[in-house]
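These notes concern the structure reproduced below.
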Amino acid sequence: MPNTHIEIININDCKISTEDQVIPHERRIVEGVIQLWKEDPITESLGIGKLHALVKKRNPNWSLSEKRLKTVLKSYNLLNSAEQFAYASEITSKDTPNLVMPKNIRYQFTKNRGKGLYATKPFKEGDLLWEEESPLFFIPPLDHMNLIKSSNACTYCATLLKTASQLKKGLDCNVCSDVWCSIRCKKKDTLHGTLKHNVYQEGKKSKKRIVSAAWLRYEKYCYENKWNAAHAVALIYAYCLTDKTGVLLQQFDAFAKVRQDIRYKAIDSSGIGGSFDTNSGGALFVKEQQEALWREAYAKFNEIFPLDEITYEQYMEFLGSYNINNVDGSMFLIQAHLNHNCDPNVRVLFGEHKADGIKVYAKRDIKANEELTTSYVNPAHDVNQRLRELRVNWGFKCNCNKCKEDKKALEKRKSSESKDASHKKAVKEMLDSAKDEEFDLPLPNGDGERTRRKSVRFEETVIAVAED
Ligand SMILES: [Zn+2]
Ligand SMILES: [Zn+2]
Ligand SMILES: [Zn+2]
């Protein structure tokens, strides 16, 4: 086809509005911002106001409000962390009653710092700091529910059973078909009869505090929705109500807590909630759907405990508290007081058996009065990934020394990369001359800029962690 003239018309690119102002297409906005970041990495940490001013300065004919810029960046998952929602200030906790501290460990509760554990004497690397023989609340994995029902897993700890030999050992329930894996589990399982087959008849007046028929319905509902946290909080509440001393309920109440619906806002501000959630899994809903689900679960929850109903707000707190405090599903009384550091000085080890306790060791030498810390996230992960994971799941922006150093190193690398690659001018010329189609947009599911891609990969983890 010789001499064919092709006229390029950008239909979607921009609409001419009044005078010389144009309303830029969202692609153009994103490209503009990324271009800015590439040329000067420092601008990546600007707040939305300053970023908007810069974008406007470079594109004086753009009709673009700060609000639209924010919305567009959010929808491409590019929102600066300074603009993202954190909820650390919403987390409250109370002094823990009846807390027996291990030798040489001090517990401190301050209004500002919250709870923390401190060494009262120096420790050597590898020293055992303390042991918790069993969790305060042991929560078996919900996904084994059907195996338990078919007598193939222990009804207390959900460990798979190899043979039906349990029946001979007297480890089977004489009312239902459930079995235990060991004498220990059978002894620990103080709730079995209460939850699975107490004789309370619904509708009749009774002093029974737990309605087993409602429990079984709720458990099935949680199983079908793969909703571990909902299952866990009902089990925890049942343990608390059957504790005659009342201490268990006070201790549960003293754990750090935050409403689940507040935590959800942080997930949303990661750009993975709402309509933008495409490839990142089906566990997230738009806010309205999510709330409907919470309300539904809440109503079913109260059916189990007719004499001890809780409010919706309390239910939200139960879920939030469980989600920020559980380790591998269970809740430990002392361990839960450990604060986070990306370079922790303690190591928490689990026993072989699911319902076993934990042992906490010194990861390195620890000085007297040093705070003991654990890492809530994988310390080997990239700093941006850690920061995002901590912000979404625990509501705070980590400012530990490792984060500061890693960020510095990252910024250094970025600025030297941008200098090495080409002069700013050359980059600008290249970008200016390029047609829109030639840009590689760092779309969350496409091949984009390296550091941004990581945060996208992380989203799958958020879903697994936050809504489990
Ligand atoms: Zn067991
Ligand atoms: Zn039974
Ligand atoms: Zn950190």
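Readers should treat all values here as calculations from the given coordinates under stated rules, not as data from a laboratory. Computed from a prediction, not measured in an experiment: that's the story for all the values here. Heads up, the Cβs are rebuilt from the backbone with ideal geometry, glycines too, and the neighbour counts pull from every protein chain shown.
Mind checking the full-extension length gain between S415 and N59? Use 0.36 nm per residue of separation minus the Cα-Cα distance, one decimal, nm.
Residue separation times 0.36 nm, minus the Cα-Cα distance, leaves 125.8 nm.
Taking amide hydrogens as modeled 1.01 Å from N in the peptide plane, which residues meet the under 5 Å criterion relative to W130, leaving out close sequence neighbours?
Amide H neighbours of W130, under 5 Å, 5+ apart: V360.
Using r as the Cβ-Cβ distance of E131 and Q21, and R0 as 60 Å, what FRET efficiency do you calculate, to the nearest 0.05?
Efficiency for this residue pair is about 0.30.
Which semi-axes, in whole Å and largest first, does the equivalent ellipsoid of the range 311-364 have when worked out from the alpha carbon gyration tensor as the square roots of 5 times its eigenvalues?
Ellipsoid semi-axes (Å, largest first): 25, 15, 7.
Separation between the E288 and T92 pseudo-spin-labels, each 7 Å from Cα along Cα→Cβ, expressed in nm?
Going from the E288 label point to the T92 one covers 3.1 nm.
Over all distinct alpha-carbon pairs, what is the Kirkwood Rh of the range 208-260 in angstrom?
This gives a value of 12.2 Å.
Could you pull out which residues in the range 119-154 have an amide N less than 18 Å from a spot 7 Å beyond the Cα of K103, following the Cα-Cβ vector?
Of the residues in the range 119-154, 119-133 have backbone N under 18 Å from the label point off K103.
Local charge sum around R364 (other residues, Cβ-Cβ under 15 Å, Lys/Arg +1, Asp/Glu -1)?
-1
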